[in-house]
Amino acid sequence: MGFEKMVGESRNMAVRRLGKDESLQKRYNEVIQAYLDQDHMKVVSEEKLKGDKRLECYLPHHPVFKESSTTTKTRPVFDASAKTTSNFSLNEALMVGPVLQDPLFDLVLRFRKKQVALVADIEKMYLQVKVHPDDTPLQRILWRPSPSEPISTYEMLRVTFGLAPSSYIATRCMQQLAQDEGEVYSRAKEALLSDLYEDDFIGGADSVEEALLLRQELEQLLPKCSFRLRKWVSNATEALAGLAADDLGTQTTLSFDQVKTLGINWQPGPDVLGIDVTGLSVNGQWTRRKVYSVIVQLWDPTGITAPVISWAKIRMQLLWVATQGWDDPLRPDFAGRCVIGYHPCTGLPTLHS
């Protein structure tokens, strides 16, 4: 089936999913207004909509609040996987593109080989890449400042978080920047091609002097394509000399958005990697659901802790024998075995039996 036939009517679906929670309106309105002010989005008039014959798609969206973020605390999430009337979503109709970056495990190994570590992230990476005007109707959204006001139509003008090919497009632009402008920035060129994971730079050098030169080259190269690195952290503070306070990572334990999502944390002081288990606590009676919720948080994409995680999942099988439903309390004799302990080799919380 062709692309045009796969993308069906989507406006009615987007209207039904338009947020009605007035408590979220103020903060989300500020985000929408910022997108308009920064030319990330534009209003589409009713007159233009009537005369526009291009293929369109309306994306449901909602805000995500992250109070722990030191920069963007509210960001919109666009659902390009929502089904249109054709029973296909926009994501199903789009080509994703090949994988351009090395596996995370390879990147982490290279990172650990450097004597001086440098970590930063690219500010709003997707939003620095413009979408061709012929394609922006596929990124339409609906919004109104309050439920009592009329609905307006907008078009996202930049690469949008939530679309299947967005990661490929942004990464491909970064690699093209390295090829086009990297001849006089050899250190930065190599780093962009080998030490990026999504919008996170995780690299370094074998000396403070080399790390400083690498950081300076990156700061000169990326702005040529409107990209900017921020939240710099290093295990050698000398490598961060000259940076503005706003460009420094402010937390003792550094967890960039993408890496933290993947379950990996880096502590620059002792210079160690670990798995974040700070949220593994259980209140009240043990149930199958609570045990399972603890186990699924022990996720490590590098596979280093797989023996411990597999051990916990095998123990989970015992619960299917001991319980009837997900929320039924465990028998006292069995619940006594489901206590959080720490594995003697890895220090990871796990279930003792």
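The values are calculated or read from the model by the stated rules, or taken from the named source; none is laboratory data. Given the structure is predicted, the values throughout are model-derived calculations rather than measurements. Note that we place each Cβ from the backbone using ideal geometry, even for glycine, and neighbour counts take in every protein chain shown. Surface areas here come from the heavy atoms of the whole protein model, side chains and all, with no ligands, DNA or RNA. Shrake-Rupley method; radii C 1.70, N 1.55, O 1.52, S 1.80 Å.
For the range 286-296, backbone phi angles converted through the Karplus equation (6.51, -1.76, 1.60; θ = phi - 60°) give residue-by-residue couplings of 6, 10, 4, 4, 5, 4, 5, 5, 6, 5, 5 Hz, Gly and Pro being listed as x. If r is the Cβ-Cβ distance from residue 85 to residue 318 and R0 is 41 Å, what FRET efficiency results, to the nearest 0.05? Working from the Cβ atoms, E equals 0.30.
A simple rule links phi to the HN-Hα coupling: the Karplus curve 6.51 cos²θ - 1.76 cosθ + 1.60 with θ = phi - 60°, which for the range 308-325 gives 6, 5, 4, 4, 5, 5, 5, 5, 4, 4, 4, 5, 5, 7, 8, 10, 9, x Hz, with x for Gly and Pro.
Cβ neighbours within 10 Å, averaged per peptide: list 287-296, 31-40 in order, most packed at the top.
Going by the mean number of other Cβ atoms within 10 Å, highest first, we get 287-296, 31-40.
With a 1.4 Å probe and every protein chain kept in, tell me what percent of the accessible surface of the chain is carbon plus sulfur. C and S fraction of accessible area: 53 percent.
Full extension of the chain between residue 331 and residue 193 gives 44.2 nm of extra length, using 0.36 nm per residue less the Cα-Cα distance. Close amide H pairs (under 5 Å, H built 1.01 Å from N) link residue 201 with 120, 121, 122, residues at least 5 positions away or on another chain.
Summing charges over all other residues whose Cβ lies under 11 Å from the Cβ of residue 239, with Lys and Arg as +1 and Asp and Glu as -1, gives -1. Near the amide H of residue 236, within less than 5 Å, lie the amide hydrogens of 117, all on another chain or at least 5 residues away, with H placed in the peptide plane. Near residue 297, no amide H atom lies under 5 Å from its own; only residues 5 or more places off or on other chains count, and H is placed 1.01 Å from N. Per residue, the chain exposes 53 Å² of accessible surface when a 1.4 Å probe is rolled over the protein heavy atoms with every protein chain present. A probe of 1.4 angstrom, applied to the heavy atoms of all protein chains, finds residue 102 with accessible area near 70 square angstrom.
Of 48/83; 26/73; 26/83; 130/224, which sit over 20 Å apart, Cα to Cα? 48/83; 26/83, as the Cα separations exceed 20 Å there. Across 184, 233, 96, mean-square fluctuation computed from a Gaussian network of the chain (C-alpha pairs under 10 Å connected) peaks at 184.
The 1.4 Å probe gives accessible areas that order 114, 83, largest first, as 83, 114. Extension gain for the segment residue 5 to residue 272, taken as residue separation times 0.36 nm less the Cα-Cα distance, is 91.0 nm to one decimal. The heavy atoms of residue 65 offer some 70 square angstrom of accessible surface to a 1.4 angstrom probe.
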